[in-house]
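A quick write-up on the structure given underneath.
The values are calculated or read from the model by the stated rules, or taken from the named source; none is laboratory data. Being a predicted model, the structure only gives us computed values, none of them experimental. No Cβ is skipped: glycine too gets one built from the backbone with ideal geometry, and neighbour counts run over all protein chains shown.
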Amino acid sequence: MVGRRGLAFVLLAFGCSAPPPAAAPASAPAAASGLARYLPLEDGTVLAYDTVTEPGGEHGLLVLEIRRPNAETAELVVAGKAQRLRVTASSVATYAGGILLREPLQAGAAWKGDFGHVRLTRIDRGLTVGAGTFTGCVETLEELATREGEKRTTTVFCPGVGIALRETEAEQGAERQSERILLKSYGAKFSP
């Protein structure tokens, strides 16, 4: 979860940037199969997300660019900082080892994520966000519970688009925080 200071940095970094690319139609082609259908990771794609952080109801914008230096590596770039992903036919994982998405894409499938245990909870979810209405999406839930608190992240991957929604909730004692990102637009990076 991005703390208030981190979110403020992201918001400040993008506050002076050009507006995000126009939304592509929700019926974007989803010709790819397997993981690539739900997490395309195409070089030069830019995704813009509306963000909401609670408590406080802070709203912002997160812009993410996908770079593919080679077939086995994808980079998710936000404000000049890249998170590198290892891409295979059967999984997409961080270089630190947490798996973002993997086969089989079946309800109940489970694996180790970035911070906890991930379960694929739905394979037929519908979702409406600023970028459009999507169907046939897959949903994962990553959870961790310790004596200090609990953390849950729900992620929805939609065909031909990738991550359309990601919501993280954390509880520590009586304090609750959440951060939600919703896909606002996506498409190829603008090149003059």
- Task: State all residues of the stretch 172-190 that are touching a residue at least 40 places away in the same chain (Cβ under 8 Å) and part of a loop (DSSP other than H, G, I, E, B); if no residue qualifies, say none.
- Result: Lys189, Phe190
- Residue ID - surrounded by the fewest Cβ atoms within 10 Å (Cβ to Cβ), chosen from residues in the stretch 131-149 that are under 24 Å from Ser90 (Cα atoms) and acidic (Asp, Glu): Glu143
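One line per residue, one yes/no per condition, for (1) at pLDDT 95 or above; (2) at positive phi; (3) small (Gly, Ala, Ser); (4) more than 17 Å from the chain's Cα centre (by Cα):
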| position | (1), (2), (3), (4) |
| --- | --- |
| Phe9 | no, no, no, yes |
| Leu12 | no, no, no, yes |
| Pro25 | no, no, no, yes |
| Gly34 | no, yes, yes, yes |
| Leu41 | yes, yes, no, no |
| Leu61 | yes, no, no, no |
| Arg84 | yes, no, no, no |
| Val87 | yes, no, no, no |
- Message: Can you pull out every residue in the stretch 158-171 that is under 20 Å from Val52 (Cβ atoms) and either in a strand (DSSP E or B) or in contact with a helix residue (DSSP H, G or I) (Cβ under 6 Å, 6 or more places away or on another chain) (or both)?
- Response: Cys158, Gly162, Ile163, Ala164, Leu165, Arg166, Glu167, Thr168, Glu169, Ala170, Glu171
